[in-house]
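Below is one structure, written out as C-alpha cells; the observations come after it.
The values are calculated or read from the model by the stated rules, or taken from the named source; none is laboratory data. Quick caveat, the model's predicted, so the values are computed rather than measured. Positions of Cβ are backbone-derived with ideal geometry, glycine not excepted, and every protein chain shown enters the neighbour counts.
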Amino acid sequence: MKINKIFLVTAILFFIFGCNTVSNDGYRISIITKALDSEFWQKLKQGAEDAAKEFPNAKVSVLAPTREINIDQQVNILEDQILKRVSALVVAPCGVAEIIPALDKAYDRNIPVLTVDTDVDWPHRLSYVGTNNRLGGKLAGEYLIKALNGKGKIAIIRGIPGVQTHEDRVGGFLEALNAAPDIEVGVLQPANSERDLALTVMENILTSHPNLDGVFITSDQMALGALEAVDAHRLSGELVIVGFDAGEEAIKAVREGRLTAVVAQNPYNMGKQSFLAALKAAKGEPIEPRIDTGTALIDIENVDRINP
Amino acid sequence: MKWLRQLGPLLALIVMIVLLSISSPYFFTVDNLLNIFRQSSVNALLALGQLLVIITAGIDLSVGSILGLCAVAVALSLKAGWSIIVSIFICLLVGAFVGWLNGAMLTKMKLPHPFISTLATMNVARGLALIISGGFPISDLPASYRIWGASSVSIIPVPVIIVVVVYFIFHIFLTKTISGRDIYAIGGNKVAAYYSGIPTDRRLVVVYMLSGLLAGLAAIILTGRMNSGFPLAGMGAELDSIAAVIIGGASFFGGVGTVWGTLVGALLMGVLRNGLNLLDVSAYWQTVVIGAVIVWAVYMDVLRQRVMKKKRS
C-alpha cells in the first residue's frame, strides 16, 4: 500500500521531468532578468518571446530569481545557463559587480554576453540594450523644475544603491536640478524597487517633511507604493510626483491625476531588441555596442496620444 | 538503526539525481556536480551552525543577517588596506561576537526562547550591515583574497574543500568529544542535563558562537565568489539553512540530528535548484518544489517512527 503510493509519486515525478526534454539543435538564447514580479519584466519577456516566434531555429528562455535583491540566486541561474552552453546570454544584472565573475565564465566558454536594462562595467559585453537612463532622469528633473516653477523642497526615492540603472536615473535627475538652485533635495532614500517598502518610506518622508512639494521615484512599483501613502495622507494631486517605467498601472495613475508624470521606458522593445541582437551575436554577426530602446515623458497632457 | 534516519533524505537525493540526469543532458557532468557543490557551500555552512542550534532545541534566525554583516565587514577591512589574514579574522570575530550575543541573551538575560534573541540580532545585524556600507555593495576585492571563494585546487573548488573539512571537524566534535555529546544531552532534556552536571549555559553560548562563526566563514566564501561584500547578502538564508537541517533528518524538538544528514539536506536543495535551472523552470516553481520536499522528507521520518513504534509494541 505504502510502496504503491511512493511508486505513484515517483512515476508522476518522472512524467513531469520527462516532459522537459531539451533540444540541442538551433540557437538557444537565455535572457536572465532581475525578477519577473512586475509588468515591466513580463513585458520584456513577452517582447523576447514574440520576437523569437519569427525564428523557427531559435529558442529563447527568460529566467529570473524570485526577487531583485537575490543576487546570489541570479548568479547561480547564470552559472547553470553557462554550463548548458547556450548560444548567447542576455543579462539584466541584480548586482553590477557581483555578476562579473559569472560573466567571466561565460567569456571563457566563448558565450557572447549582452546586457539589457542595466549595464555592467565589463570589457567583454557585446552590447547594452536599454533606456538611456541618464537622459530619462534628466527629463524627469527638467519636468519637475518646470512644474514647481523652479522652487521648492523635494524627495527622491530610489532603487537598490549601487545598481547602475538607478545611479544613472538619480544622477541625470540631479544634473538637471543644477539649473534650479532654489530646489532643495530634502531626502534621498532607497526602497529597493519594492512596492511595500516604498509605501513605508513615503509614509515616513511625509511625516518628517510635511512641507514637501515634489517627489522623484526611480521605478513604477515604488511610485505606486508611494502613491498609496500620498493618498492616505490626503495629499493626492497636491504633490508633483514623477515616476519612471510607465507600465499600465502607472499610466492609469497619470490619467487619474494621482501621478503627475512618468518617464516611459519600452520594456517590450528591450526584450525584442535584446533577443534580436543576441541571435546576431550567436551567429557571429557584428552588433551595435549600444542599442537605445527609447525614452519619453508622459503626463496628463499627452497620455492619450502616447497610450490611446 | 541510527543510519535509517538519514535514509529518507539520502533516498530523496538519489531519486532527484537520477530524475534530473534523465531529463537534462547537462546535469550529470563533472562540471555541473562541482557547480552544485559550490553553489551549496554557503547554505551548507549556515546549515551546519543551524544544526548545532537545532540539536539544542533552539533556532537561529540571525545567520543570514550575520552573513550580510560579515560580508560587509570583511570587504570594508580589505578596502581599508588591511591584510587578508586580519580581514578574515575580523570577519570571523564579528560572526562569533553576534553569536555570543545570541547566547548571552538566552542564558544571561534569560530571554524566554532563542527565537526572540536571534530575531533581534537578525534585525540589528542587517541594519548594521546597511549602515556601515551605506547600503552600497563594496566590490572589487583583492584577487589573493578571492581564492577562498572563487578558485579551485586542480578541479575541486576551494569552497567545497572548506565545507568538507569543516563538516569533518564538526562530525568529530559532535560524536567524539564530551562537549559535543553534551549538546545532544541538552537538546534531549535540558533540566536532566543540568542536574547531571553539564554546564548547560556555557555549552549553549558556545553553540550560538559557533553558528555565528560559521556564518562568518560562509561570508568569506560568498564575498570571494561574488567579488563583493553587499549588505543584502543572505536575505532569507536563515530559512534555507533551517530547511536543509530539517530535510537532513534533525528534529525540531532537539537531541537528534547529524552532520552528514545536514550535508545531504543542503545538497538536496542545491541539486533541486540547479536541476530546475537547467530545465529552465522558473524560480517561483523552485520554491514550491522545495516546500514539497520539506514535507516529504519529514513525513518519511514520521512514517519511519510509526513503523518502529509498532515493532516495539
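Name the one entry in B:SER211, B:SER228, B:SER241 that is in contact with an Asp or Glu (Cβ under 7 Å, 6 or more places away or on another chain), under 20 Å from B:VAL164 (Cβ atoms) and touching a residue at least 60 places away in the same chain (Cβ under 8 Å).
The conditions single out B:SER211.
May I ask you to list pairs of residues, at least six apart or on different chains, whose Cβ atoms are under 7 Å apart, with the first in region B:277-293 being in a helix (DSSP H, G or I) and the second being modelled with pLDDT under 85 and crowded, with 18+ Cβ neighbours inside 10 Å?
Close Cβ pairs satisfying both conditions: B:VAL293/B:ALA12.
Hey, can you tell me all the residues within region B:43-82 that are farther than 14 Å from B:ILE220 by Cα and either surrounded by fewer than 22 Cβ atoms within 10 Å (Cβ to Cβ) or more than 20 Å from the chain's Cα centre (by Cα) (or both)?
Passing the criteria: B:ALA57, B:ILE59, B:LYS79, B:ALA80, B:GLY81, B:TRP82.
Looking at region A:228-252 only, could you name the residues that are among the hydrophobic types (A, V, I, L, M, F, W, C), part of a helix (DSSP H, G or I) and touching a helix residue (DSSP H, G or I) at 6+ places or on another chain (Cβ under 6 Å)?
Answer for region A:228-252, where residues must be among the hydrophobic types (A, V, I, L, M, F, W, C), part of a helix (DSSP H, G or I) and touching a helix residue (DSSP H, G or I) at 6+ places or on another chain (Cβ under 6 Å): A:ALA229, A:ALA250.
Identify, from the list B:VAL295, B:VAL245, the residue that is within 14 Å of chain A (Cβ to nearest Cβ), under 17 Å from B:GLY8 (Cα atoms) and of a type in the set (A, V, I, L, M). Spell out the reasoning first.
Numbers: B:VAL245 fails: within 14 Å of chain A (Cβ to nearest Cβ).
Just a single option satisfies the conditions, and that option is B:VAL295.
Looking at B:VAL245 and the list (1) in a helix (DSSP H, G or I); (2) under 30 Å from A:ILE29 (Cβ atoms), which single condition is not satisfied?
(2)
Check A:ALA155, A:ALA140 and return the single one that is touching a His at 6+ places or on another chain (Cβ under 9 Å), more than 14 Å from every other protein chain (Cβ to nearest Cβ) and of a type in the set (A, V, I, L, M, F, W, C).
After ruling out the rest, the residue left standing is A:ALA155.
Quick one: which residue in B:ILE294, B:ILE186, B:ILE198, B:ILE221 is at pLDDT 90 or above and surrounded by fewer than 24 Cβ atoms within 10 Å (Cβ to Cβ)?
None of the other options fit; the residue is B:ILE198.
Would you check if A:ASP220 is buried (at least 24 other Cβ atoms within 10 Å of the Cβ), among the charged types (D, E, K, R) and within 23 Å of the chain's Cα centre (by Cα)?
So A:ASP220 fits the description; yes.
Applying the selection to region A:254-301, what residues are small (Gly, Ala, Ser) and buried (at least 22 other Cβ atoms within 10 Å of the Cβ)? Even if it seems obvious, please write down each step before you answer.
Residues of region A:254-301 small (Gly, Ala, Ser): A:257, A:261, A:264, A:271, A:274, A:277-278, A:281-282, A:284, A:294, A:296.
The answer is A:ALA261, A:ALA264, A:GLY271, A:SER274, A:ALA277, A:ALA278, A:ALA281.
I need the full set of residues from region A:29-63 which are assigned to a helix (DSSP H, G or I), in contact with a strand residue (DSSP E or B) (Cβ under 7 Å, 6 or more places away or on another chain) and either surrounded by fewer than 24 Cβ atoms within 10 Å (Cβ to Cβ) or not assigned by TED's automatic domain parsing to the domain that holds A:LEU114 (or both), in order please.
Once the filter is applied, which keeps residues that are assigned to a helix (DSSP H, G or I), in contact with a strand residue (DSSP E or B) (Cβ under 7 Å, 6 or more places away or on another chain) and either surrounded by fewer than 24 Cβ atoms within 10 Å (Cβ to Cβ) or not assigned by TED's automatic domain parsing to the domain that holds A:LEU114 (or both), region A:29-63 yields A:LYS45, A:GLU49, A:ALA52.
Could you tell me whether any residue of region B:206-216 is touching a Leu at 6+ places or on another chain (Cβ under 6 Å), within 19 Å of B:LEU141 (Cα to Cα) and either within 14 Å of another protein chain (Cβ to nearest Cβ) or of a type outside the set (Lys, Arg) (or both)?
Checked region B:206-216: at least one residue is touching a Leu at 6+ places or on another chain (Cβ under 6 Å), within 19 Å of B:LEU141 (Cα to Cα) and either within 14 Å of another protein chain (Cβ to nearest Cβ) or of a type outside the set (Lys, Arg) (or both).
Got at least one residue in region A:291-306 being at pLDDT 95 or above and of a type in the set (D, E, K, R)?
For region A:291-306, residues at pLDDT 95 or above and of a type in the set (D, E, K, R): absent.
Limited to region A:172-193, what total is found for residues that are small (Gly, Ala, Ser) and touching a Lys or Arg at 6+ places or on another chain (Cβ under 6 Å)? Give the derivation first.
Residues of region A:172-193 small (Gly, Ala, Ser): A:172, A:176, A:179-180, A:186, A:191, A:193.
Subset that is touching a Lys or Arg at 6+ places or on another chain (Cβ under 6 Å): A:172, A:176, A:186.
Matching residues across region A:172-193 total 3.
Just one of (1) farther than 30 Å from B:ASP140 by Cα; (2) modelled with pLDDT under 90 trips up A:GLY95, so point out which.
For A:GLY95, the failing item is (1).
Would you check which residues across region B:24-42 are surrounded by 20 or more Cβ atoms within 10 Å (Cβ to Cβ) and facing another protein chain (nearest Cβ under 7 Å) and list them? Spell out how you get there, then give the answer.
Kept after step one, since they are surrounded by 20 or more Cβ atoms within 10 Å (Cβ to Cβ), are these residues of region B:24-42: B:24, B:26-27, B:32, B:35-42.
Of everything in region B:24-42, those that are surrounded by 20 or more Cβ atoms within 10 Å (Cβ to Cβ) and facing another protein chain (nearest Cβ under 7 Å) turn out to be B:SER24, B:TYR26, B:ASN32, B:ASN35, B:GLN39.
Do you know which residues across region A:64-99 are assigned to a helix (DSSP H, G or I), over 22 Å from B:GLY64 (Cα atoms) and at the interface with chain B (Cβ under 7 Å from one of its Cβ atoms)?
Passing the criteria: A:GLU79, A:ASP80, A:LEU83.
Applying the selection to region A:48-63, what residues are acidic (Asp, Glu) and either within 13 Å of chain B (Cβ to nearest Cβ) or under 30 Å from B:PRO231 (Cα atoms) (or both)?
A:GLU49
Check whether at least one residue in region A:195-202 is within 18 Å of A:THR260 (Cβ to Cβ) and not hydroxyl-bearing (Ser, Thr, Tyr), and report yes or no.
Yes, region A:195-202 contains at least one residue that is within 18 Å of A:THR260 (Cβ to Cβ) and not hydroxyl-bearing (Ser, Thr, Tyr).
Among what's in region B:248-264 and is out of contact with any Phe, Trp or Tyr (no Cβ under 9 Å at 6 or more places or on another chain) and not in a loop (DSSP other than H, G, I, E, B), pick the residue that is farthest from A:ASN192 (Cα to Cα).
B:GLY261
Can you tell me how many residues in region B:278-313 are within 30 Å of B:TYR26 (Cβ to Cβ) and either among the polar types (S, T, N, Q) or within 22 Å of the chain's Cα centre (by Cα) (or both)?
Counting residues in region B:278-313 that are within 30 Å of B:TYR26 (Cβ to Cβ) and either among the polar types (S, T, N, Q) or within 22 Å of the chain's Cα centre (by Cα) (or both) gives 14.
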